[in-house]
Every structure is written in structure tokens, then in C-alpha cells.
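Derivation of every value follows stated rules applied to the coordinates shown; laboratory data play no part. What you see is a predicted model; the values in this text were computed from it and never measured. Virtual Cβ from ideal backbone geometry, glycine too; neighbours counted across all protein chains shown.
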């Protein structure tokens, strides 16, 4: 276990890292520097303890008379209120538990009324970009400034035909960490009678969110980004479209009654938005873990933000001193961001560099296009480099100053003298060749 530290070294929130130490190709081991929180965050120690405490009572929910079923049902339903508070949602807002943000936004896409016009920036994560179908979908380029982004949404909404309208926007870019002007976009949307769906996958682990203060209609988020990697997420928002839509999944729990009418089967679906879209036995353990993580973060925001800002400042100053490094940015000028930074290094394949950082320095980062192919391709082209991939560093509660310093040292050493090991493409991915690192005992 490692402890996230604030500016003066006081523990903030204990986070269980992916591994206490990792082997190096050059011999020995190092404390794992997890700089890939934007992909999946480690499990909070408090979440792990809570799950261990709950597991003896785990049972089916809603449909069991046994004591364990009653406990599980209370845990499951109480977590809806936890998520409403965490998201600053309205009392009337539905909370539908899903697998993750992608699942939540696909659920919403299946629930919007017919002929709904959808406006979305083409630089979004694929979870927000791809679920929308039909001729009324406008995927618009993201301008170079936040003010122009708001104006672009305004212009796109003016061009929409009459009928329901929805703007889909991310809270924080999964490529650059930059914060988008969600409240300003929501204000424009309101003038056009449009609703707003917020992809909060990258925002929710780093900053408080509020449906009411931002004046958005829906929020989607993922437990595996929120230090609760047990396979649960949520869609939180207005219930009317969800109640009117066909169930996302057809099956038990979503049904009020099922009868045989001759050769046909007649089904009456649940009227409530949550029940209607949560068919099958739910991931009760994952839902509980998500709720515990949200409560822990809600009680610690000041310390969490201070910890991240100190590390981000350290990271940005260090990266600025690495020769040949170009940072990716959506917007011109200084825009606030969460602890995520992507970059390219002149003449260096991002995948090979990621393999070097892992094998020789015990550092985990992400390489590629981060499920935001249009954004990464466009931003890499702006730097003057060729290619469609980059390297991403993302900070979180498991990050320490030593991890950041190790990354900067590693980058400077690789630029100065190159890797100390040999690497080859193995099934399309760079890897040490040979790779003497032993796997953990449970995989041997």
C-alpha cells in the first residue's frame, strides 16, 4: 500500500497500488510508479476493507426473503442516494447502475426520443462520440479556445431541426486533462431548449461535480476511474426519457409481469427508470464499492486537489525541461486541467518508449490514441511530429513525488543515451526482447 501525500507529506487517502514492487529487465525491483490512473485507478484501501466486510452478506437483491438478500438490497438501494449526493443531482433524478461510462452513455443513446438532434465534439472519447446514430448527429471540430467552443455549440444548435436536442460534452479531456467550459455550454444549450449529457469519467475522480450547479441533465461515470475497480458505473439524470424508452436489456428485474397470450408473450415493463434498465442480477459488490469510494472522495476533496495540483506542477516543470518533448493541448493559452498530460518525443515511438519506462524504470504509462483517435491525431499533427499516437501520464492518489521525479529522470536518460535493453514488436506491441522479468506467483 502507498499513501497519497499532500503538499506537506500528510497522508490524504490510502490507495492500494497495482503491485508493491515490479521487476526490472536489468535486475532487481522498484516500487511501481503507477502513472496511468486515467485508464484505471487502483483500489482505495477503504474500498477493499468495505468489500471484504460486505462479502459475507452478498446475495441477490430485491427478490430474496433471506437476511443476506435484505442486507444486499439495502446496500444496493442506499448507494443510489450516495451517487445522487456525489453528483450534486436533483432528488428526482434517476440513478441507473451500469458497467462503466461507455455503458451509461450507450444506455442514454438508446433512450433519447426519436429524431433527437445530438451535438458532440469530434475530439471526445469514443464512449461519448460513437453511441449516437442517425442523420441528426453533428460531430463538430473542437475550436482552439474555450470561448470558441461555446460559440461552436451555439452555432450547431441553431442549425438543428425542431425537436428534442442533446449536447454531449466531456468534463475533462482524457487526452490532455483540460477542463471544458461545461457550465457555459449548458447555458447555451438552455437557450436552445437542449439537454446536456456530461461525460464525467475523467472529471469525477479529480474534482467535485454538481448536476445542479453545472445545470446539466445527465452525468455518466465509472467506478474503475474512481478507485473502485469492481465493474460498476452509473448514469445519473432526468428520468422522463429513461422511463419512456424500451428497456436497455430485456430480462428479469426489468419486468413487471410476463404472460402467455396464445403464441405471443405479453410483457409489462417496470415503470421506474432505474428498474426498467437494470435487468438481470446486478453487480451489487461493484455498486457498493463505487458508493464507498464516492463517499471517501467527497469527504477529502480539499486534500485530494491540493495533492494533485502539487504533483501536476512538479510534472509540468519536469516535462518542460526534457529536450524534444512536445505536450498536447486542446486549447490555446493556460487552461485548468486535472492530472493528465500527453506528449510526443521527437523521433521516438510512443509504444517503444512506454515499454522502456516499464521494463527499465518500473513506470506504468499509457501509449496509443487513448480511445480518442481523432483528438490524438489532430493534436500530434499540431506539434509537427508524424504519427497518430502519443504517451500519456496521469496522476492520482497512488502517485508520489518520487514517481514523478523518476519519470522525468527516465525521459532525460532515454533522450541522452537511449534504452539499456533491446526491444521488439510482439503481436503489434513493443516488449523487451528477451524479457527476463518473472510473472507474479499467481500467474505462474
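I want to verify a result. In a Gaussian network model of the chain, Cα cutoff 10 Å, which of these has the top mean-square fluctuation: 355, 87, 68? Per the Cα network of the chain with a 10 Å cutoff, 68 tops the list.
By average Cβ neighbour count within 10 Å, what is the ranking of 427-437, 235-245 from highest down?
Values: 427-437: 13.3, 235-245: 20.5.
Result, highest mean Cβ count within 10 Å first: 235-245, 427-437.
Taking N as the residue count of segment 196-309, its C-alpha radius of gyration divided by 2.2 N^0.38 Å amounts to 1.33.
Counting other beta carbons within 10 Å of each residue's own, what order do 421, 301 fall into, fewest first? Intermediate results must be reported in sequence, preceding the final value.
Details: 421 17, 301 12.
Starting with the residue having the fewest Cβ neighbours, the order is 301, 421.
Using a cutoff of 8 angstrom between alpha carbon atoms and counting only pairs six or more residues apart, the relative contact order for segment 48-298 works out to 25 percent.
Rounded to the nearest 0.05, what FRET efficiency do residue 78 and residue 412 have when you use their Cβ-Cβ distance and R0 = 60 Å? Please list the in-between numbers first.
Working: r = 50 Å, r/R0 = 0.83.
So the FRET efficiency works out to roughly 0.75.
Where does the chain land at 222 nm, in deg cm²/dmol rounded to the nearest 500, when only DSSP H runs of n ≥ 4 count, each adding -39500 (n - 2.57), divided by all residues?
Values: 14 runs with 156 residues, N = 444.
The helix contribution divided over the chain gives -10500 deg cm²/dmol.
Structure remark: mean-square fluctuation, Gaussian network model of the chain, C-alpha springs under 10 Å; the largest value among 201, 289, 372 belongs to 372. Could you give the angle, 0 to 90 degrees to the nearest 10, between helix 146-158's Cα long axis and the longest principal axis of the Cα atoms of the chain? Around 30 degrees separate the two axes. Rounded to the nearest 10 degrees, the inclination of helix 101-111 to the longest alpha-carbon principal axis of the chain is 30 degrees. Only beta bridges with both residues in the chain are counted; by DSSP, about 65 percent of them are antiparallel.
Between rounded, prolate and oblate, where does segment 48-298 land on the alpha carbon gyration tensor, with a ≥ b ≥ c its root eigenvalues, rounded for a/c under 1.5, else prolate if a/b exceeds b/c?
Numbers: a/c = 2.42, a/b = 1.36, b/c = 1.77.
Since a/c reaches 1.5 but b/c is at least a/b, the shape of segment 48-298 is classed as oblate.
Once semi-axes √(5λ) of the Cα gyration tensor in Å is worked out from the coordinates, which option in (1) 38, 28, 20; (2) 37, 25, 21; (3) 35, 24, 18 does it equal? Matching the structure shown: (1).
Normalising by the residue count of segment 12-165, find the relative contact order in percent from Cα pairs under 8 Å and 6+ residues apart. If you can, show how the numbers build up before the last one.
Values: 134 pairs, mean separation 19.3, N = 154.
After rounding, I find 13 percent.
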